[in-house]
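Enquirer: Below is a structure I'd like to ask you about.
The values are calculated or read from the model by the stated rules, or taken from the named source; none is laboratory data. Fair warning: this is a prediction, and the values are worked out from it, not measured in the lab. Here Cβ is always computed from backbone atoms with ideal geometry, including for glycine, and neighbour counts include all displayed protein chains. Please note that ligands, DNA and RNA were not included when accessible areas were found on the heavy atoms of the full protein model with its side chains. Shrake-Rupley method; radii C 1.70, N 1.55, O 1.52, S 1.80 Å.
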Amino acid sequence: MEETIFTKIRDGKIPSVKLYEDEECFVIMDINPIVKGHSLVIAAKPYRNIGECPQETLDHMMAIAKKLDSKLREELNCDGTNILINNDPASGQEVPHLHIHVIPRFLNDGRSFGFAHDRYEDGEMARLGERLRLG
Ligand code: 5GP
């Protein structure tokens with residue numbers, strides 16, 4: 001597996017503020033926070049996206065994200081969090097190494113993800129739903 005900026009951080013070749021580490025993942029504070037306290041739960045191995053990541057590892061990373069959410073609420077008194085994965089470059093992923101953003105949010109903090117919205121034609125949502133049904 002290739003080296004990424006996050007494998008260099010994992011190995012201590014690039015400094016970081018590390019909040020947690022185990023065999024499956026590690027947590028650092030984001031150097032360019034959307035809101036102060038914004039942190040990243042990063043897979044120990046540089047999977048590019050959730051498809052490459054074993055289910056147990058992804059489950060474990062989400063469990064750590066949940067702990068981080070609790071910690072941010074306790075310590076920063078934030079009112080909520082955004083928990084998100086940019087999954088491949090088309091989604092805005094800049095570092096091709098799977099990570100979960102956990103971003104503290106405060107009521108009226110003025111941050112916005114600013115997505116534009118699309119609109120379905122008549123019947124289009126139901127037709128697409130037929131193709132997207134799981135299981
Ligand atoms: P992505 O766009 O890939 O989902 O997010 C990558 C995140 O990694 C960005 O929020 C960016 O600020 C953060 N980041 C990139 N390089 C570094 C770094 O060297 N140190 C830390 N702590 N965060 C980084």
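Enquirer: Count the lysine pairs in the chain whose Cα atoms sit under 16 Å apart, keeping only pairs 8 or more residues apart in sequence or on different chains. Let's see the in-between values first.
Expert: Details: Lys8/Lys18; Lys8/Lys45; Lys13/Lys45; Lys18/Lys36; Lys18/Lys67; Lys18/Lys71; Lys36/Lys71.
Lysine pairs satisfying the spacing and distance rule in the chain number 7.
Enquirer: Still on this structure: For a label point 7 angstrom out from the Cα of Ile31 toward its Cβ, which stretches of the range 1-16 have the backbone nitrogen within less than 18 Å?
Expert: 3-16, by backbone N distance to the label point.
Enquirer: First select every other residue whose beta carbon is under 12 angstrom from the beta carbon of Ile9; then total the charges, Lys and Arg +1, Asp and Glu -1.
Expert: 0
Enquirer: In whole Hz, with x marking every Gly and Pro, tabulate ³J(HN,Hα) for the range 105-110 from phi via Karplus 6.51 cos²θ - 1.76 cosθ + 1.60, θ = phi - 60°.
Expert: 10, 10, 3, 6, 7, x
Enquirer: Would you mind getting the accessible area per residue of the chain, heavy atoms of the protein chains only, 1.4 Å probe, in Å²? Please list the in-between numbers first.
Expert: Numbers: 9420 Å² over 135 residues.
Averaged over the residues of the chain, the accessible area is 70 Å².
Enquirer: Here is a further query. So, in nm, how far is label Leu128 from label Lys13 when the simple model puts each one 7 Å beyond its Cα toward the Cβ?
Expert: Reported label-point gap for Leu128 and Lys13 is 4.1 nm.
Enquirer: Measuring from the lowest to the highest alpha carbon on each principal axis, how far does the chain reach, largest first, in angstroms?
Expert: So the three principal-axis extents are 54, 40, 24 Å.
Enquirer: Separate question: Name the long-range amide H neighbours of Arg105: under 5 Å, sequence gap of 5 or more, or other chain; modelled H, no Pro or chain starts.
Expert: Asp79, Gly80, Thr81, Asn82
Enquirer: Run the accessible area of the range 5-132 with a 1.4 Å probe and give the carbon-and-sulfur part as a rounded percent. Display every interim value, and only then the final one.
Expert: Details: 4420 of 8590 Å².
With neighbouring chains kept in place, the figure for the range 5-132 is 51 percent.
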